[in-house]
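Okay, structure first, notes after.
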Amino acid sequence: MDQKVLRQREAKCVQESPPGCTARCPVHVDVRGMAKAVRKEDYTAGFALFHRMIPFPGIISRICDQPCRQGCKRNEIDEPIFIRALEQACVDNNSTIPNVLLPPAKKQKVAIVGAGLSGLTVAVELGRKGYQLVIFEATDRLGGSIWGIPAEQLPREVIHADFFILGKFPFTLHYTTRIVALHSIYDDFDAIYLGTGAGQIPAADFGLALDEDGRIEVDAVSLATSDSKVFAGGSLRRAYGDSSPIASVADGKIAAISIDRLFQKASLTANRENEGPFDTLLYTNIKGIEPEPMVLPAHSGGYTREEAGREANRCLLCECLECVKACEYLAHYRGYPKRYVREVYNNLSIVMGIHHANKMINSCSLCGLCEEICPGNLNMGEVCQQARQMMVEKGKMPPSAHDFALRDMRFSSSEKFALTRHQPGYAASELVFYPGCQLAASSPQYVQQMYKFLCERLDGGVGLMLGCCGAPASWAGQEGLFEETMQSLENNWRVLGSPRIIAGCPTCYSLFNQHLPDRPAESLWTLLERIGLPEPARLQDTPQTLAIHDSCTTRYDTALQGSVRTLLGQLGYSWEELPFNREQTNCCGYGGLMLYANKEVAHKVIDRRIKESELDYLAYCAMCRDNFAGQGKRTYHLLDLIWGNGQEELAAQTGPGYSERQDNRAKLKQTLLREVWGEEVEAMPATVKVTVPQAVLAVMEERQILVEDVAKVIEHAEGTGSKLRHGENGHYIAYFQPASVTYWVEYSPQGDGFVVHNAYCHRLEITG
């Protein structure tokens, strides 16, 4: 993930783009931050935000023409926020006096011709940088045209209070001094700013290039004129008229930056795209926002504190965060994708030291909901999966992060479960049923029943393949292992004569279509819609409405989603769509190995999903069904309605534990070989006989420890004598590290076997 790719992905996230009001403001006042401060009645903070961008806050807060309101999101609902009135409230209720810290004086001298708002802004901005400044003003006072504004709107004491700051800078002021020709001062200064106001002096008198309207020709970005050291702004500029005080302030700021760059011998135009007004990329969802009229001040003097608070509460505090609102993973780390992408990149760049973002990278479900919701289509799943792959390639990803899931995958790909057979009596297969390892682990009886049905209903031979599609390896960033698994699967598929695959698992179906596009695959659900349901599947006597949870791995498969709903209707059920459904469905917490990498986040994901409806849920993925039921949500698998006739107790049953899931797979293979193909199956050689009380088994489930793991520890301890005896209760304590994880077991002999009292695991390596 190089810098270019990083920047491209970062740019898709618009969260750091400014609100429309700030973008349309020529000086980019933080209106959102100011509104937040007013809500809290923290007028000191509100004033600080305003004054940071505005050198004369009292004046501007009373006469600003508010181009910012054009960008207010409330324009799409009712009326824009009365921003100027909020600014005035911050000024009027502020009691602090800003400090002015002067840097050491610089040698460059700048002439400012005209002491209106633009010229005085140049003076303040360059004065803060220590440049020597001389101001030439044709009248006997500062401020230019603002003195023509009625005192009722702009009290004179406000003007004097704002101009008090000018006394803190070492300016040289020349009142009643009209500069009629540049050559009179040109040689005495390193730069000159012209802010005389429109019509004060004929533009031609300055000897600069003029535009077609007879105004001084000014570069729109830098305000530079045809003379390299002369700049012009304010009412001299064609782009702004006399009636925009905030535009004059903006010109002063832009010119000050240009003059400073001139002295620094830097480009006058580079990286200045967003100076001045622009259109923001920020997306803000206004769905459900009720219209609310603008608060008008009861008196001409401005808002009371109560009025200001009410108007500030109308502000939408615009931000995007659409993906964060929808995804518990993104919300958990208290940031947003642009920030996360940077953290991922920094994590990948670390050569020596701790990779702090590893857990964040491994916690994503890779489901793609963020891309579907994001206005810029940023997919954090792609970022995280690529990061996992790179970390694995560099040897920087701790193997323990996904060790349990990968070991379970290897079990499903081993001789204990994997199986490839033609239908009995056939030497070729027109179709092959691939139920997937999780359906076989959760409901092995449905695999048997469905395979029998398919063999009876379909012609040409229906083969059977048991195994794992390699999804855990892909999710873990183990591309080599994933490709190896896929290659093995393809080899077995070719042994059957390359038949069309019927996938019973949405994840398997999705992976086949992504990675084996020339290998025809169909979902079990679209097949059943086409060929009809099994005979035992009858209409419900008592109509029931279920809430459908769509599998995230088939987010964009409208045909599959439609088939599920059609089948549900054929079974006599009605359904309700969850708030996040079909292409915007949520993950169940299993995808991307989230459940193994970060249980806390996974449980948040599950908990949020199961609270979206009071109805019983319907899932067509075994892991989705078991995850929801495991946290107390009544959930049916679609096969529960087909083969279990929707028995009430099926929705409440929790899924099998990790050890039982592996046992179910192994027993399913043995049963099928014996009952379908008539093959005698040798019993698996037993290790040690282990008894695990239910309470201990629950602890092992939480810690992702299999009964097989415990048996290996005890077998190793008893075979080598590497064990400790507890002096008080006589229990033995032993450890064993078969791969990346070290397992500890507390046990004692019982009859011809052993009873387990406790077990835990860790990722430390014990030496010596």
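The values are calculated or read from the model by the stated rules, or taken from the named source; none is laboratory data. Keep in mind that what you see is a predicted model, and the values were worked out from it rather than measured. So basically every Cβ, Gly included, is an ideal-geometry build from the backbone, and we count neighbours across all protein chains shown.
Things to note:
- For VAL392, the requirement of being more than 18 Å from ARG661 (Cα to Cα), at pLDDT 95 or above, in contact with a helix residue (DSSP H, G or I) (Cβ under 9 Å, 6 or more places away or on another chain) and surrounded by 16 or more Cβ atoms within 10 Å (Cβ to Cβ) is not met.
- Number of positions in segment 635-655 that are farther than 18 Å from VAL564 by Cβ and under 33 Å from the mean Cα position of the chain (by Cα): 2
- Filter result for LEU126 (buried (at least 19 other Cβ atoms within 10 Å of the Cβ), in the same structural domain as LYS168 (by TED's automatic domain parsing), touching a helix residue (DSSP H, G or I) at 6+ places or on another chain (Cβ under 6 Å) and within 17 Å of SER61 (Cβ to Cβ)): no
- Scanning segment 724-748 for residues that are of a type in the set (A, V, I, L, M, F, W, C) and assigned to a strand (DSSP E or B) returns LEU724, ILE733, ALA734, PHE736, TRP744, VAL745.
- Where a residue in segment 166-178 is assigned to a strand (DSSP E or B) and its partner, wherever it lies, is at pLDDT 95 or above, with Cβ under 6 Å and at least six apart: THR172/VAL134; LEU173/ILE135; HIS174/PHE136
- Only a single item in (1) closer than 15 Å to PRO26 by Cβ; (2) modelled with pLDDT of 95 or more; (3) touching a Ser or Thr at 6+ places or on another chain (Cβ under 6 Å) is not met by ALA250, and it is number (3).
Here is a yes/no grid of residues against (1) more than 45 Å from the chain's Cα centre (by Cα); (2) surrounded by 12 or more Cβ atoms within 10 Å (Cβ to Cβ); (3) polar (S, T, N, Q); (4) not in a strand (DSSP E or B):
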{"residue": "GLU708", "(1), (2), (3), (4)": "no, yes, no, yes"}
{"residue": "VAL713", "(1), (2), (3), (4)": "no, yes, no, yes"}
{"residue": "SER722", "(1), (2), (3), (4)": "yes, yes, yes, yes"}
{"residue": "ASN758", "(1), (2), (3), (4)": "no, yes, yes, no"}
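- Odd one out for TRP147, checked against (1) over 23 Å from ASP187 (Cβ atoms); (2) in a loop (DSSP other than H, G, I, E, B); (3) more than 48 Å from the chain's Cα centre (by Cα): (2)
- Scanning segment 413-435 for residues that are under 23 Å from PRO520 (Cβ atoms) and among the polar types (S, T, N, Q) yields SER413, THR420, GLN423, SER429.
- From the list HIS51, HIS28, the lone residue that is on the phi > 0 side of the Ramachandran plot and surrounded by 19 or more Cβ atoms within 10 Å (Cβ to Cβ) is HIS28.
- Every residue from segment 534-567 that is modelled with pLDDT of 95 or more and of a type in the set (A, V, I, L, M): LEU546, ALA547, ILE548, ALA559, LEU560, VAL564, LEU567
- Being touching a strand residue (DSSP E or B) at 6+ places or on another chain (Cβ under 9 Å) and of a type in the set (Ser, Thr, Tyr) is true of SER510.
Quick grid of which residues meet (1) under 25 Å from LEU533 (Cα atoms); (2) of a type in the set (Gly, Ala, Ser); (3) at pLDDT 95 or above; (4) assigned by TED's automatic domain parsing to the domain that holds SER574:
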site	(1), (2), (3), (4)
GLU612	no, no, yes, yes
ALA629	no, yes, yes, yes
ASN645	yes, no, no, yes
GLU680	no, no, no, no
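- Given (1) in contact with a His (Cβ under 6 Å, 6 or more places away or on another chain); (2) under 22 Å from ARG407 (Cβ atoms), index of the condition GLU746 fails: (2)
- Flag not set for GLY678, criterion: buried (at least 19 other Cβ atoms within 10 Å of the Cβ) and part of a loop (DSSP other than H, G, I, E, B).
- Looking across GLY309, GLY381, one residue alone is within 22 Å of THR553 (Cβ to Cβ) and either buried (at least 16 other Cβ atoms within 10 Å of the Cβ) or among the polar types (S, T, N, Q) (or both). It is GLY381.
- Options LYS416, LYS452: the member that is farther than 30 Å from ASN358 by Cα and assigned to a loop (DSSP other than H, G, I, E, B): LYS416
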